[in-house]
């Protein structure tokens with residue numbers, strides 16, 4: 001008995017559609033073959049979500065083949081056979097001897113595969129922006145007859161516009177994030193240790209919502225006073241006190257797709273400055289969402305937010321958000337002034353309005369949304385309020 | 001009021017000792033200045049554990065200065081001031097405009113800092129193995145008078161031997177991992193959904209043990225039949241059934257330090273093959289641990305395991321473990337045949353005997369240990385058994 005195929009997050013036709021778009025882009029850039037090494041792009045093109053990307057692996061896409069071939073370490077091949085839509089014989093496990101080996105690694109196996117399959121002298125696209133310098137050198141050295149070009153973010157830009165099937169999954173993720181916020185309302189209390197509240201919220205994000213468990217955990221941050229000015233500390237060993245402010249940022253995850261969400265909590269009455277910032281930020285958020293429509297630019301959204309916030313006497317120095325999907329941030333379009341990416345239906349963004357204003361004070365709120373035919377659809381059902389507990 | 005210093009995981013003298021060892025290695029390699037960009041190495045040399053490493057940052061170490069300087073994006077500077085042992089004015093937040101910017105990124109700020117501080121024409125060490133090719137090119141292009149050398153894993157090799165203070169923290173992490181296994185014994189039952197069991201175990205890893213919470217979550221894998229052959233799938237939406245085998249791999253985390261642990265569970269009587277593999281693996285583990293002593297090599301440990309397992313009719317193709325500490329795996333020494341790294345007191349390893357034998361069957365067991373003056377100290381208190389629930 002071979003490794004059984006697991007339940008697939010998407011039908012085969014969906015993966016073939018995605019691949020077809022990538023192949024069109026390959027033709028446009030005059031490339032014959034791609035080696036995709038970024039885990040989120042591998043997930044997008046195959047359904048693979050197992051966490052083997054800390055060692056080299058490559059999804060090889062050729063214009064001449066309908067399905068790609070995946071090279072990963074031998075011990076991870078069964079997971080790939082189980083999760084990927086491709087035929088199991090297209091999953092190739094390279095020898096474990098390449099792990100922890102000072103002289104060779106998995107990219108040597110990928111290069112051998114290209115050579116053995118007549119792809120060593122073709123026009124080859126790599127995600128060079130995300131490859132170590134030494135790995136790029138290896139491809140060049142061992143494939144001297146190949147024409148190597150850059151395909152960094154080639155797949156990622158395609159991911160920006162989601163299919164209806166992807167959007168359905170992102171709504172499931174958003175429902176999980178909402179469940180996390182509701183759990184936070186129950187467990188954040190004066191006298192409770194930050195870690196204990198985090199444990200309860202995280203457990204909720206794993207259990208999921210509406211009978212659909214989280215399939216992974218995304219980044220999780222609980223930054224409470226005196227650390228409200230920090231965005232990326234997990235949590236501390238302190239206890240909440242009367243007057244504590246708590247900034248929460250996390251996402252639900254379904255099949256790799258994340259819907260991030262941020263909300264601010266207050267134990268007891270919110271401080272004056274917090275209430276004033278909140279008022280300006282919510283007004284800015286509403287202005288930003290009102291500016292969303294096909295044809296507007298990412299810059300327009302940021303201008304709408306920034307100019308509104310300014311009327312309330314505040315500024316935000318970081319961008320207002322970014323494209324979002326598999327593994328959270330897609331490193332493509334940013335909701336920032338000057339980013340002239342034109343919004344199109346079914347692009348998805350994290351409108352990330354966290355604002356770490358000075359060393360003593362930060363505030364968070366966000367929405368994950370898609371561009372509709374006429375405006376924006378936000379995925380969360382949580383009110384845009386300071387949650388007072 | 002400026003950002004307050006948080007409780008430090010280690011005293012200042014400990015960080016200065018680590019830095020002094022790094023500086024000795026810099027002198028040996030004839031380097032004047034280092035830019036450390038790997039998050040785990042930054043943690044080691046400063047105490048910083050916030051998760052800002054998805055954008056460029058650099059800890060600049062100069063032979064001429066006692067304390068390093070840290071460059072990170074502006075919004076993460078307060079977290080660095082809070083967590084790092086260095087003076088707050090040695091934390092430099094670079095402009096948020098460098099984030100999501102197609103033309104520049106945080107390494108431009110690091111390079112400007114080097115130039116502005118008279119370090120632009122010196123002998124400069126980079127962790128090139130972990131830097132994108134484009135980033136290395138940028139350092140070379142913008143610092144044409146610098147002599148750029150490779151310091152990849154220079155810090156990581158130093159990390160291999162732990163201080164007593166680090167070992168105490170790793171024992172705390174191990175107690176948390178043990179608590180996770182004990183929770184798994186309570187919640188893994190026929191009819192329970194994998195995700196729900198995972199939620200309970202993960203919550204325990206956050207709550208911690210002995211009054212010391214987990215300070216983060218490490219990787220977590222729950223691979224149950226029919227996926228026992230996969231090491232790196234998080235968990236699934238299935239329910240456990242009578243006869244299910246469950247492979248668990250996770251770690252406790254304290255201040256960045258992880259003690260990984262793997263144990264295999266069975267709902268009801270373990271299958272025959274599982275019991276036979278377990279017998280051979282435990283015998284192999286005991287042989288491996290008995291071979292640990294200062295002066296033995298990593299290879300010796302692997303030979304002891306492999307030759308014992310073979311007597312029981314099994315083989316393992318992946319390495320038997322690796323150096324372990326901050327953020328789990330240290331990419332230095334491997335417990336594999338042919339790795340001639342000589343064991344020395346207080347080196348720490350994950351004796352990782354997970355064995356994914358064929359597409360239908362895998363088994364896991366592991367111990368995190370340190371080399372003592374005479375043998376091995378394992379950190380976990382969990383019995384080396386198949387946990388039958």
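We did not get these values from a lab; they are worked out from the coordinates using the rules stated. Source: prediction; values computed, not measured. FYI the Cβ positions are ideal-geometry reconstructions off the backbone, even for glycines, and counts take in every protein chain you see.
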If you count the DSSP beta bridges with both ends in the protein assembly as shown, what percent of them are antiparallel, to the nearest 5? 75
Which distances in nm, rounded to one decimal and ordered from shortest, link the label point of residue B:238 to the equivalent label points in the other identical copies, with labels set 7 Å from Cα toward Cβ? 4.5
Just report the Cα centroid separation between the stretch B:299-366 and the stretch A:87-116, whole Å. 20
Which parts of the stretch A:51-74 would a label at residue A:13 reach, counting a residue when its backbone N lies under 12 Å from a point 7 Å out along Cα-to-Cβ? none
For the stretch B:12-159, what percent of Cα pairs sit more than 18 Å apart? 52
Semi-axes of the stretch A:164-388 from the Cα gyration tensor (sqrt of 5 times each eigenvalue, largest first, whole Å) come to 27, 22, 13
Extent along principal axes [Cα atoms of the stretch A:254-300; Å; largest to smallest]: 41, 31, 13
Once both label points are put 7 Å beyond Cα along the C-beta direction, the residue A:24-residue A:187 separation in nm becomes 4.5
Theoretical ellipticity at 222 nm over chain A - DSSP helices of four or more residues, -39500 (n - 2.57) apiece, nearest 500: -10500 deg cm²/dmol
Pulled fully out, how much extra length does the chain show between residue B:88 and residue B:381, if you take 0.36 nm times their separation in residues and subtract their Cα-Cα distance? 101.4 nm
Compute the Kirkwood hydrodynamic radius of chain B, taking the inverse of the mean of 1/r over all pairs of distinct Cα atoms, and give it in Å to one decimal. 22.3
For the stretch B:164-388, what is the relative contact order in percent, using Cα pairs closer than 8 Å and at least 6 residues apart in sequence? 22
Quick check: pseudo-label points 7 Å beyond the Cα along Cα→Cβ at residue B:276 and residue B:65, how many nm apart are they? 6.3
0 to 90° range, to nearest 10: angle between helix A:106-116 axis and chain A longest Cα axis: 40
Would you mind getting the Kirkwood hydrodynamic radius of the stretch B:125-219 from its Cα pairs, rounded to one decimal in Å? 17.1
DSSP-defined beta bridges in chain B - what % are antiparallel, rounded to 5: 75
The protein assembly as shown: mean projected area of Cα convex hull, nm²: 30.6
Could you tell me how many degrees, from 0 to 90 and to the nearest 10, lie between the Cα long axis of helix A:164-187 and the main elongation axis, the longest principal axis, of the Cα atoms of chain A? 40
Please give the helix A:133-142 orientation as an angle from the longest Cα principal axis of chain A, in degrees from 0 to 90, rounded to the nearest 10. 10
Computed over the Cα atoms of the stretch B:306-377, what is the convex hull's projected area averaged over all directions, in nm²? 5.8
When each copy gets a label point 7 Å from Cα toward the beta-carbon at residue A:192, what are the spacings between them in nm, shortest first? 2.3
Using the reciprocal of the averaged 1/r over all distinct C-alpha pairs, how large is the Kirkwood radius of the stretch A:172-276 in Å? 13.7
Give me the distance in nm between label points sitting 7 Å out from Cα along the Cα-to-Cβ direction at residue B:116 and residue A:360, one decimal. 2.6
Quick one: label points 7 angstrom along Cα→Cβ at residue B:164, distances to the other copies in nm, smallest first? 6.8
Tell me, what is the percent relative contact order of chain A, built from C-alpha pairs under 8 Å that lie six or more residues apart? 14
